[in-house]
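The values are calculated or read from the model by the stated rules, or taken from the named source; none is laboratory data. What you are looking at is a predicted structure, and each value in this text was computed from that prediction instead of being measured. Glycine also receives a Cβ, built like all others from the backbone with ideal geometry; neighbour counts cover every protein chain displayed. Remember, those area values only see protein heavy atoms, side chains included, never the ligands or the DNA or RNA. Shrake-Rupley method; radii C 1.70, N 1.55, O 1.52, S 1.80 Å.
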Amino acid sequence: MNKIFEIPLYPYARCADQDAAVPARHKVVVIGAGPIGLGAAIDLAQQGIEVVVLDDNDKVSFGSRAVCYAKRPLEILDRLGCGHPMVEKGVEWNLGKVFFDERKVYEFNLLPEGGHEFPAFINLQQYYFEEYMVNRVRELQAAGAPIELRGNNKVLSVADKGDHVALSVGTPEGDYALEAEWLIACDGAGSATRAMLGLDFVGRVFEDNFLIADVIMDAEFPTERWFWFDPPFNRGQSALLHKQPDGVWRIDLQLGWDIDKEKEKKPENVIPRLKAMLGDDVQFELEWVSIYTFQCRRMEKFRHNRVLFAGDAAHQVSPFGARGANSGLQDTDNLCWKLKLVIDGIAPDSLLDSYDDERVYGADENIRNSSRSTDFITPKSAMSRVLRNAVLDLAEQYEFARPLVNSGRLSVPCTYDGSPLNTPDALPAAPARSRPGSPCADVKLGQGYLLPQLGDQFTLLTIDADAPKALVIEGVPVTRLALSAADDPTGALAERYLGDAKSAVYLIRPDQHVAARWAGFDETALAAALRRAIGKA
C-alpha cells in the first residue's frame, strides 16, 4: 500500500495560461505548496481573493520534517478549516522531561491553565499536514472559491515590474509566462525566489549537525517530549525523542560539526546509533533520515515591493523549540488580511510595510530564543560546558535553576509591542497579556470557545460594556461580540481580559491580535484606532 508522500496529490494538468496569447495576470501568485504557501492561499481564497499556487513538485513532503505544532498555529489553522483534522490525527502532549546523563532533572507542563480549545502541542508528520491542506483547497474549489493549485510548475524567473511581478514557469509541456499583482514566496529555506532577486539571509550558522530519524516501532515510551543532555548512548552530545502518529517516533541525535553528512545518513551508520539509544531488543524500521545544521538567520526585509516572503524563505531557526512552521503560519496570518484590504482599495499600500515591521520583530524574537537554546545545547567552550552542566545539576534539586535550562524554548505567539498599528493602551488596569499587540487568549464560553466567535474580521469585543451591534468605519465592517464576566463561572474571561477593570472594550484585528482597548465604548476613539490598524493613522 502506498504511503501518502508517494502519491501525487496535485498532478500536472495543462492550464489556460499556457495557451494565452499574452501573459495572464493573477491577483496573487504563491510560490510553494508546503504548509506556509497553502496556508496563505487558503486564507486569501476564503476572503474571495483570486490566488494561484505554483510548485515544482506534485506530492506532499517526504519525512516528518516540521513535526511539532503549537496551540496558536492550531488556532490559526482552525480558521483555515484544518485545525480539527490535525488534532484528531496528531499526538497531543503537554508534558516534557529533561534528562542529564541517565538522571531525570525535571519535568514541565506547557498548558497548566484550562479553558483552551486546542492543546499546547501536537506532533504530526508534515506530510499529513500538507494532505489536510490540499483537501481543504479541494473543498474550497468545489465551493467555487478562486484558488488553483498547479503541480510540476517550476518558477524559472521572477522580475519586479513595479506595478506587477513577471514570472516564467517551466512545465513538462514547456515554459509559459504569467504575471502577478502580488507574489508571496513560500519556497523554503533554499528559496529560488530569493536567489533570483539577488537577496540573502543575515545571521548565524552554528557549527553543529543533528541527525533526524523517523523510526517505526512499537515502543512503551509515554506521549511526552524527552530531551537528554550528555546521554550514555550519545556521549558529549544531546538527543530528543518525540512520538508521532502511526507508531512513528522522531529521534534527533547531535553529531557534531566535522562529519560526512552522506555517510552519516546511511542505514548501516544510523541503525547502530539508534540501537545504542533504544536497546538491541527493540525492533524498528527506518522511514526517513536527514541531517540538519543549526541556522538562525533571516532576510533583512520580508517585503520587496510586490514580492513578499514568508516562512523559511524569509527566516530560519534551529528546530529545537518548534519555531519553523509555527512562525511561518503566523507570517501568513499577519499578511493575508492586510493584503486583502490593499487589494480591495480600503487600505494604503503602506499597510504591507507593517507586515515587515511585525514579522521581522517576530523573527528576531524567535532567532534570539533559538540562538540561546543552541548555545545551551551545544556549548562552544570548556567553561561554557562546565556552567551548563552545573545548571543541570542544580535544576535536579532546586526549582530556581530550572528556568535556566534551555533544551529549546518552545514556540509561543509573538506580541507586537511597538507596532505602528497599535493604539496606546487606554486600559492599564486590564491584564498585560491582553495589551495592544497581543494575540487573544482563548476562553471556554458555555458549549463553545471565544476565538471561533471572534472570527477573521475586525471585531469589537465588549465585556460588561455597551456598544452598537455593528459599525462601518473607513469601509471596514466592525462587528460587536458582547460578553459579560458572568458568562464564564470559571473566572477565566475576567482573569484574561478584565484584571482589575470593571468593564472592557477591545478592538480585535482579523488575525485575532488586540489593536486597542478601553474601559468603555467611544466611537471617536474606535474610529481613530481602526484607521491606525489599517495603516491610515
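Just a yes or no: is a residue in region 77-89 surrounded by 20 or more Cβ atoms within 10 Å (Cβ to Cβ) and β-branched (Val, Ile, Thr)? No, region 77-89 contains no residue that is surrounded by 20 or more Cβ atoms within 10 Å (Cβ to Cβ) and β-branched (Val, Ile, Thr). Residue 246 falls short on exactly one of the conditions (1) open to solvent by 60 Å² or more (accessible area, probe 1.4 Å); (2) part of a strand (DSSP E or B); (3) under 22 Å from residue 74 (Cβ atoms), and that condition is (2).
Tell me, yes or no, whether region 9-16 has at least one residue that is open to solvent by 20 Å² or more (accessible area, probe 1.4 Å), at pLDDT below 95 and either touching a helix residue (DSSP H, G or I) at 6+ places or on another chain (Cβ under 8 Å) or part of a helix (DSSP H, G or I) (or both). Yes: one or more hits. All but one of (1) touching a strand residue (DSSP E or B) at 6+ places or on another chain (Cβ under 6 Å); (2) in a helix (DSSP H, G or I); (3) over 30 Å from residue 215 (Cα atoms) hold for residue 308, so report the exception by its number. For residue 308, the failing item is (2). The residue pairs whose first member lies in region 277-289 and is assigned to a loop (DSSP other than H, G, I, E, B), whose second member is among the small types (Gly, Ala, Ser) and open to solvent by less than 30 Å² (accessible area, probe 1.4 Å), and whose beta carbons are closer than 9 Å, counting only pairs six or more residues apart or on different chains, are 282/219. Restricting to region 92-114, name every residue that is surrounded by 18 or more Cβ atoms within 10 Å (Cβ to Cβ) and either closer than 25 Å to residue 126 by Cα or of a type in the set (A, V, I, L, M, F, W, C) (or both). Within region 92-114, 93, 96, 98, 99, 100, 105 meet the criteria. I'd like to check something: does region 275-294 contain any residue that is farther than 24 Å from residue 127 by Cα, open to solvent by 40 Å² or more (accessible area, probe 1.4 Å) and in contact with a Gly (Cβ under 7 Å, 6 or more places away or on another chain)? Among the residues of region 275-294, not one is farther than 24 Å from residue 127 by Cα, open to solvent by 40 Å² or more (accessible area, probe 1.4 Å) and in contact with a Gly (Cβ under 7 Å, 6 or more places away or on another chain), which makes the answer no.
The set of residues from region 344-383 being within 20 Å of residue 103 (Cα to Cα) and assigned to a helix (DSSP H, G or I) comprises 376, 377. Considering region 168-189, and only residues there that are assigned to a loop (DSSP other than H, G, I, E, B) and within 20 Å of residue 329 (Cβ to Cβ), the residue that is modelled with the lowest pLDDT turns out to be 189.
For region 153-164, the condition holds for no residue, the condition being that it is at pLDDT 95 or above, touching a Lys or Arg at 6+ places or on another chain (Cβ under 9 Å) and open to solvent by less than 20 Å² (accessible area, probe 1.4 Å). Taken over region 172-195, the criterion of being over 28 Å from the mean Cα position of the chain (by Cα) and buried (at least 21 other Cβ atoms within 10 Å of the Cβ) is satisfied by 178 alone. Residue count for region 176-200 under the criterion of being under 13 Å from residue 311 (Cβ atoms) and either touching a strand residue (DSSP E or B) at 6+ places or on another chain (Cβ under 9 Å) or among the basic types (Lys, Arg) (or both): the result is 8.
If you check 412, 386 for being open to solvent by 80 Å² or more (accessible area, probe 1.4 Å) and part of a loop (DSSP other than H, G, I, E, B), only one passes: 412.
Condition check ((1) in contact with a Phe, Trp or Tyr (Cβ under 8 Å, 6 or more places away or on another chain); (2) of a type outside the set (A, V, I, L, M, F, W, C); (3) not in a strand (DSSP E or B)) across all residues:
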{"site": "131", "(1), (2), (3)": "no, yes, yes"}
{"site": "140", "(1), (2), (3)": "no, no, yes"}
{"site": "159", "(1), (2), (3)": "no, no, no"}
{"site": "166", "(1), (2), (3)": "no, no, no"}
{"site": "210", "(1), (2), (3)": "yes, no, no"}
{"site": "213", "(1), (2), (3)": "yes, no, no"}
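Scanning region 249-275 for residues that are within 14 Å of residue 215 (Cα to Cα) and in contact with a Phe, Trp or Tyr (Cβ under 9 Å, 6 or more places away or on another chain) returns 249, 252, 253, 271, 273, 274, 275.
The single condition from (1) crowded, with 18+ Cβ neighbours inside 10 Å; (2) closer than 25 Å to residue 5 by Cβ; (3) at pLDDT 95 or above; (4) among the charged types (D, E, K, R) that residue 268 fails is (1). Sub-6 Å Cβ pairs linking a first residue in region 79-102 that is without any contact (Cβ under 8 Å) to a residue 12 or more places away in the chain to a second residue that is of a type in the set (S, T, N, Q) and in a helix (DSSP H, G or I), at least 6 apart or interchain, number zero. Under the condition of being open to solvent by 40 Å² or more (accessible area, probe 1.4 Å) and either over 19 Å from the mean Cα position of the chain (by Cα) or modelled with pLDDT of 95 or more (or both), the residues counted in region 295-325 number 5.
Would you call residue 359 without any contact (Cβ under 8 Å) to a residue 40 or more places away in the chain and not aliphatic (A, V, I, L, M)? Considered against the rule, which asks whether it is without any contact (Cβ under 8 Å) to a residue 40 or more places away in the chain and not aliphatic (A, V, I, L, M), residue 359 comes out as no. Note on region 36-69: residues that are assigned to a helix (DSSP H, G or I) and either farther than 22 Å from residue 512 by Cβ or open to solvent by less than 10 Å² (accessible area, probe 1.4 Å) (or both) amount to 8.
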